[in-house]
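Enquirer: Please read through the structure below; I'll follow up with questions.
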Amino acid sequence: MALKNKIDLNADVGESFGAYTIGRDEELLPLISSANIACGFHAGDPGVMRRTLALAQKHGVAVGAHPGFPDLLGFGRRELAASHAEIRDYLVYQIGALQAFGRQVGLKLQHVKTHGALYNMAARDKKLFALIVETVASLDKNLILITLAGPERKKIETLAAAYGVRIAFEFFADRAYNPDGSLVTRQEAGAVLHDAEWVKQRVIQMAQTGRVCAKNGQEIELQAETICLHGDNPAAVNLAQQIRTGLSAAGIAIAPLESFV
């Protein structure tokens, strides 16, 4: 029997910039239930943000802000020595920009998911994570904050509850895991997964059992409400199709977070 009968499938989208196209958003968006839209700091630009919101609206996909470090050159995947005050301002600037674009077309943000290095730093540093929770609460307490699933689930839920913020824990379908529940660094071979059948099977395993195999073959506990695909993964569209097929066959519906978190 499945651990869950409903789960969210999200993807990082809106990462093109100017004349440069990254990802296959037009093909990917119809296959997901929630979209994490880049807000111009690590990727994206105002026009891309507007067009991505329109695509999400067309396909009935819930939308969220995907704020990161101001690092276009490094795609937001490099850790920057920014103060907490600076990070708070980065978050407000980016989330606020997407909120404004959303208002123009009648879309309200469902969630916030920090990007890349900022996401990974917050997973390790509870003071930084608390800052992110506090900032999200100050903007809109109805926003759901997405964070890495792992062994400290109860502590994270308790911290967020103190600010009145809901948490959705995330499993990365196309990333390898270390035995401690952290993501294998992208500098390591095999960190990003491309085999659609393998990805599908591990997603089903996670949804049904709350467990997944780490890179050393050890099973670790990972309970998640949302599954992530990276839009810049060339295999993303095929992976999304396979995941949808596999979850449907397992009796698990794909639905946006706001419908069950």
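Enquirer: Assuming residue 195 fulfils every condition listed in (1) more than 27 Å from residue 16 (Cβ to Cβ); (2) surrounded by fewer than 16 Cβ atoms within 10 Å (Cβ to Cβ); (3) of a type in the set (D, E, K, R) apart from one, which condition is it?
Expert: (1)
Enquirer: Among the candidates 226, 245, 209, which residue alone is surrounded by 22 or more Cβ atoms within 10 Å (Cβ to Cβ) and of a type in the set (Ser, Thr, Tyr)?
Expert: Result of the check over 226, 245, 209: 226.
Enquirer: Taking the stretch 181-192 only, how many residues are surrounded by fewer than 14 Cβ atoms within 10 Å (Cβ to Cβ) and free of Cβ contacts under 8 Å to residues at least 24 places away in the same chain?
Expert: So the answer is 4.
Enquirer: Testing residue 85 on (1) of a type in the set (A, V, I, L, M); (2) in contact with a Ser or Thr (Cβ under 8 Å, 6 or more places away or on another chain); (3) within 24 Å of residue 141 (Cβ to Cβ); (4) surrounded by fewer than 22 Cβ atoms within 10 Å (Cβ to Cβ), one condition comes back false. Which one is that?
Expert: (2) is the only condition that residue 85 fails.
Enquirer: How many of the residues in the stretch 158-181 are farther than 21 Å from residue 239 by Cβ and under 17 Å from the mean Cα position of the chain (by Cα)?
Expert: Here the count works out to 4.
Enquirer: If you don't mind, another one. Restricting the stretch 4-27 to residues that are surrounded by fewer than 17 Cβ atoms within 10 Å (Cβ to Cβ) and among the small types (Gly, Ala, Ser), which is nearest to the chain's Cα centre (by Cα)?
Expert: Across the stretch 4-27, the extreme among qualifying residues is 18.
Enquirer: Something else now. What about residue 97, is it of a type outside the set (D, E, K, R), closer than 27 Å to residue 179 by Cβ and in a helix (DSSP H, G or I)?
Expert: no
Enquirer: Hey, among the residues in the stretch 171-180 that are in contact with a Lys or Arg (Cβ under 9 Å, 6 or more places away or on another chain) and in a loop (DSSP other than H, G, I, E, B), which one's surrounded by the fewest Cβ atoms within 10 Å (Cβ to Cβ)?
Expert: 179
Enquirer: Additional query: Could you tell me whether residue 166 is under 22 Å from residue 242 (Cβ atoms) and charged (D, E, K, R)?
Expert: It is false that residue 166 is under 22 Å from residue 242 (Cβ atoms) and charged (D, E, K, R).
Enquirer: Out of the stretch 205-239, which residues are under 13 Å from residue 9 (Cβ atoms), in contact (Cβ under 8 Å) with a residue 40 or more places away in the chain and in a helix (DSSP H, G or I)?
Expert: Result: 207, 236, 237, 239.
Enquirer: Let me ask something additional. Run down 30, 70 and say which single residue is modelled with pLDDT of 95 or more, part of a helix (DSSP H, G or I) and surrounded by fewer than 22 Cβ atoms within 10 Å (Cβ to Cβ).
Expert: 30
The values are calculated or read from the model by the stated rules, or taken from the named source; none is laboratory data. Here the structure is a predicted model, which is why all the values come from computation and not from measurement. Cβ atoms come from the backbone with ideal geometry, glycine included; neighbour counts cover every protein chain shown.
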